Amino acid sequence: MTFLLASAALVRIGPIVRACDLRARGVTSREISRATSAGEIRRVRRGVYASLDADESWIHAAQHGAVPSCVMAGRMMGLWILQDGDDLHLWFGHAGNPRQCGRRSCDPHQHWDDGEVRLGDLPPVRNVLLQVAQCADEETFFCALESALRKSMLHVGDIRWLAERVPRPVRWLLGFARTDADSGLESLIRLRLHKLGISVCTQVQIDGVGEVDFVIGDWLIIEADGKQNHDDDRDDEGGDASQPWVSLRHKDLMRDARAAALGYETLRFNYAMIVHHWATVVAAILARIAATRVAPVGRRVSDH
Ligand SMILES: [Zn+2]
Ligand SMILES: [Zn+2]
């Protein structure tokens, strides 16, 4: 398809393109100059242009000659990224040409793993996961990995590719990760309990109760509230009464009561507790396990 107007071409192929890509689609150099002067498109740097609605982080990355990467790209593509933060993470591919962006004291995280950068495109998912493995902690990598598997964003070859490249201490997570995790919170809990030597069954269907998040042994239910999304409003107990909090709370209590009638115990934690007060959470779990004097007998990882 060819275009007369640079702005129309950017809407179609943008948000950030090289001038040569615009010219390849019929936009003349004169039109590029006109559109830039008229404020219809934005000049990012020499030979690179952006649509006016291009995200600022894309613009910044392009000024460096790169694209967003790592946890930043993971968030953009919808992976579960536990870490907050607005640090700039850039991917230059294996043969990039880094540039100064002109901002004072700009010190982005730089990633140089295999692949060719295409301005306007995020890195392939496997590259993003490799970058997260190299740059973030083990838990962040694991949650991002399980979300990519859950969303079917990885192929078998990608796992092999990652196995050859991720740092050795996190390589085992490629085998431990599952394709059916429901949320980053679920991934996080399973990993943390596993590292404590506690095996759990996830998403267990209990007749008369429904699906519960985790069962330890055959009697202790762990429910992670707000697991749909780690920013979930259900964590906000002071929420608006017009929100369905009350009915959700009622539903949860009914589930717990039905489970108790079947001989289960339920421990319920919210996102903030799991992420920020893990010591409290684990103390509660271990105390319940110790009180029964029965070791948990959940399925081992190798049984999956
Ligand atoms: Zn990074
Ligand atoms: Zn910069």
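Could you figure out which of (1) within 27 Å of ALA148 (Cα to Cα); (2) in contact with a strand residue (DSSP E or B) (Cβ under 6 Å, 6 or more places away or on another chain); (3) away from ligand 2 (no atom under 12 Å from the Cβ); (4) in a helix (DSSP H, G or I) isn't true of GLY74?
Status for GLY74: all satisfied but (2).
Report every pair of residues separated by at least 6 positions or lying on different chains whose Cβ atoms are under 6 Å apart, first residue within the range 183-206 and without any contact (Cβ under 8 Å) to a residue 12 or more places away in the chain, second open to solvent by 30 Å² or more (accessible area, probe 1.4 Å).
Filtered contacts from the range 183-206: GLN205/GLU211.
If you scan the range 98-123, which residues turn out to be more than 15 Å from ligand 2 (Cβ to nearest atom) and open to solvent by 20 Å² or more (accessible area, probe 1.4 Å)? Reasoning before the result, please.
If we filter the range 98-123 for residues that are more than 15 Å from ligand 2 (Cβ to nearest atom), which is where we start, we get 112-123.
Answer for the range 98-123, where residues must be more than 15 Å from ligand 2 (Cβ to nearest atom) and open to solvent by 20 Å² or more (accessible area, probe 1.4 Å): TRP112, ASP114, GLY115, GLU116, VAL117, ARG118, LEU119, ASP121, LEU122.
All but one of (1) over 27 Å from ALA148 (Cα atoms); (2) crowded, with 19+ Cβ neighbours inside 10 Å hold for LEU5; which doesn't?
Only one criterion is unmet by LEU5, namely (2).
Out of ILE59, ILE81, report the one residue that is open to solvent by less than 70 Å² (accessible area, probe 1.4 Å) and within 15 Å of ligand 2 (Cβ to nearest atom). Lay out the reasoning, then the answer.
Working: ILE81 fails: within 15 Å of ligand 2 (Cβ to nearest atom).
None of the other options fit; the residue is ILE59.
Identify, please: which residue in the range 86-96 is open to solvent by less than 90 Å² (accessible area, probe 1.4 Å) and over 30 Å from SER183 (Cβ atoms) and is, among those, nearest to ligand 1 (Cβ to nearest atom)?
Taking the candidates together, the pick is PHE92.
For the range 36-85, give me each residue that is more than 16 Å from ligand 1 (Cβ to nearest atom) and basic (Lys, Arg).
If the condition is that a residue be more than 16 Å from ligand 1 (Cβ to nearest atom) and basic (Lys, Arg), then ARG42, ARG43, ARG45, ARG46 are the ones that fit.
Taking PRO68 as the residue in question, decide whether it is closer than 30 Å to TYR271 by Cα and touching a helix residue (DSSP H, G or I) at 6+ places or on another chain (Cβ under 6 Å). Outline the logic, then answer.
Numbers: closer than 30 Å to TYR271 by Cα: yes; touching a helix residue (DSSP H, G or I) at 6+ places or on another chain (Cβ under 6 Å): yes.
Yes.
The values are calculated or read from the model by the stated rules, or taken from the named source; none is laboratory data. Quick caveat, the model's predicted, so the values are computed rather than measured. When we count neighbours, we look across all protein chains shown, and the Cβ atoms used for this are built from the backbone with ideal geometry, even at glycine. These accessible areas exclude ligands, DNA and RNA; they are computed on the full protein's heavy atoms, side chains included. Shrake-Rupley method; radii C 1.70, N 1.55, O 1.52, S 1.80 Å.
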